[in-house]
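What follows is a set of notes on a single structure, which appears directly below.
The values are calculated or read from the model by the stated rules, or taken from the named source; none is laboratory data. Model, not experiment: these values are computed from the prediction. Every residue, glycine among them, receives a Cβ derived from its backbone with ideal geometry; neighbour counts consider all protein chains shown. Areas reflect the complete protein model, heavy atoms only, side chains present, ligands, DNA and RNA absent. Shrake-Rupley method; radii C 1.70, N 1.55, O 1.52, S 1.80 Å.
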Amino acid sequence: MVLKGPELNKKDHILQILLKIQTLLALAALTAGIMLPCFRIVPRMGRYTWVVKILNRNAVESHSFSIVSSIGTLFEEKEIFIAVVILMFSVVFPYLKLAVLWQGVMDVSGHRRRVRKWVNYAAKIGKYSMLDVLVMALLLLCIKGLPGDSAVSLQFGAYLFCISILLTLGIPWQLYICARHQGASLD
C-alpha cells in the first residue's frame with residue numbers, strides 16, 4: 001500500500017519505494033543465498049591423494065553445499081537437533097525478520113507510530129537471525145581444519161547470503177531515519 005496525498009510528499013514517497021526495493025533485494029539475495037552452493041570442498045589426503053584416488057575416486061571428488069542441501073543432508077543422517085537449529089537460525093529467523101521489516105516499510109508513511117514497534121520486533125528477531133553468520137563461520141573453520149591439503153572455497157551462495165544480511169541490517173536504520181524525518185518519535 002503506497003499512500004498518496006498530503007500525508008506523503010514526493011521525498012517520502014521515493015524513500016518508501018527505495019526501502020521496498022531494498023527489502024525485496026534482501027529477500028531475493030537470502031532466497032538465492034540459501035539455495036545456491038555456499039561452500040566447495042576439495043578433499044585431499046596430502047601426498048597420498050593419488051593412492052586414495054586410485055582406491056576410491058569418490059573420496060577425493062569435490063563437493064558443493066548449499067544451506068538447504070546441508071539441512072536436508074542432516075535430516076537424512078538423523079542429525080535432527082543440528083538440522084533444526086540451522087533451519088531456524090539460517091532460514092526461519094531471517095525470513096521472519098524480513099517479513100517484520102516489510103511491515104515496517106509499509107507502515108512508515110501512513111502509521112508512523114507503529115514503525116517503532118516493527119523496528120523493535122526486527123531488532124529482537126535480528127539477534128537470533130545473526131546466529132546464521134556464526135554457524136557459517138564455525139562451519140568454515142571446521143572444514144578448514146580437515147586433514148591433508150583439503151581446500152574450501154566460498155561459492156556464490158555465501159556471497160548472496162552475506163549481501164542479504166548487509167541489506168537487512170540497513171533497513172531498520174533507514175526506517176528510523178524516515179520516521180524521524182516525518183516527525184514520529186522512535187525514542
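Brief remarks on what is shown
- Residue list for the stretch 102-129, filter: at pLDDT below 70, open to solvent by 60 Å² or more (accessible area, probe 1.4 Å) and over 22 Å from the mean Cα position of the chain (by Cα): HIS111, ARG112, ARG113
- Test: residue in the stretch 151-164 that is of a type outside the set (Ser, Thr, Tyr), part of a loop (DSSP other than H, G, I, E, B), open to solvent by 40 Å² or more (accessible area, probe 1.4 Å) and modelled with pLDDT of 80 or more: yes
- Lone qualifier among LEU55, LEU27 - being of a type outside the set (Asp, Glu), at pLDDT 90 or above and open to solvent by 30 Å² or more (accessible area, probe 1.4 Å): LEU27
- Counted residues, the stretch 13-39 - those being closer than 12 Å to TRP102 by Cβ, under 15 Å from the mean Cα position of the chain (by Cα) and not aliphatic (A, V, I, L, M): 2
- Residue list for the stretch 70-101, filter: among the polar types (S, T, N, Q) and open to solvent by less than 50 Å² (accessible area, probe 1.4 Å): SER70, SER90
- Selection from the stretch 131-146 of residues that are surrounded by fewer than 20 Cβ atoms within 10 Å (Cβ to Cβ) and either in contact with a Pro (Cβ under 9 Å, 6 or more places away or on another chain) or modelled with pLDDT of 75 or more (or both): LEU146
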